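Below is one structure, written out as structure tokens, with a few remarks after it.
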Amino acid sequence: MVSRLDYSRLSEVARVSGIALLMASTTTVIIHQPSYASSPTFQCAKSQGKPVTFVRIGDGTKRAIIRWGEEKFFSSKLTALERCKQVSYRFQQNYDNNNLKTIISGKINGYPVVCAAVSTNDVCTSKTVLFTLKQGSNAKLAAERLLDQRGLASGKIHNENSDNTQIYVDFDTFVNNIQPEP
């Protein structure tokens, strides 16, 4: 027969074990939460007097994705600074929505666009547009002139078709090969 003292000890052991199990599972959940401090953040800032779309990555370094100066690809409706702010915001939105794995080009409503995509098989949509070019512009050429050259050389995915307006860039490879800003 089990005495009353044994029930008391069993009850205490069960309570301590339950608390330990709860603490262990809570710690596991906290440890596996994404680190928002290390997520890339996109911003527009001036560098050497010109607007630049920057990404700040997990190690704290700032890398210039686009130095705005090639205005021939755009209509004159926006200044370079306004365009920089809008595009930086779109990079952030697409990154936050898990759409920014690849940079691709396409067309929307007859306009050439450069977009965020999950894969090279995706098509541009109004939600994934990073920037719109003026009609008649070559999206591949525009991206090649605007995007950081070192990052682009490493991140470009070779395309086997004959479309000379299409570009595919692996975003992580692109960013990791851009020289950090001082």
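The values are calculated or read from the model by the stated rules, or taken from the named source; none is laboratory data. Model, not experiment: these values are computed from the prediction. As a convention, Cβ positions derive from the backbone with ideal geometry for all residues, glycine included, and neighbour counts pool all protein chains shown. Only protein heavy atoms, including side chains, enter the accessible area calculation; ligands, DNA and RNA are left aside. Shrake-Rupley method; radii C 1.70, N 1.55, O 1.52, S 1.80 Å.
A few comments on the model shown:
- Residue match in the stretch 142-155 (condition: in contact (Cβ under 8 Å) with a residue 24 or more places away in the chain, acidic (Asp, Glu) and buried (at least 17 other Cβ atoms within 10 Å of the Cβ)): yes
- Unmet criterion (only one of (1) open to solvent by 10 Å² or more (accessible area, probe 1.4 Å); (2) among the hydrophobic types (A, V, I, L, M, F, W, C); (3) under 19 Å from the mean Cα position of the chain (by Cα)) for residue 100: (1)
- The residue of the stretch 103-127 that is farthest from the chain's Cα centre (by Cα), among those that are within 17 Å of residue 157 (Cβ to Cβ), touching a residue at least 12 places away in the same chain (Cβ under 8 Å) and open to solvent by 10 Å² or more (accessible area, probe 1.4 Å), is 106.
- Pairs with Cβ under 6 Å, 6+ apart, first in the stretch 49-64 and assigned to a loop (DSSP other than H, G, I, E, B), second not aromatic (Phe, Trp, Tyr): 57/40; 58/38; 61/180
- When residue 46 is tested against (1) surrounded by 16 or more Cβ atoms within 10 Å (Cβ to Cβ); (2) closer than 19 Å to residue 180 by Cβ; (3) not polar (S, T, N, Q), exactly one condition is not met: (1).
- Any hit, the stretch 73-80, residues being under 22 Å from residue 177 (Cα atoms), touching a helix residue (DSSP H, G or I) at 6+ places or on another chain (Cβ under 9 Å), open to solvent by less than 40 Å² (accessible area, probe 1.4 Å) and in contact (Cβ under 8 Å) with a residue 24 or more places away in the chain: no
- Selection within the stretch 50-70 - over 18 Å from residue 149 (Cβ atoms) and open to solvent by 60 Å² or more (accessible area, probe 1.4 Å): 56, 59
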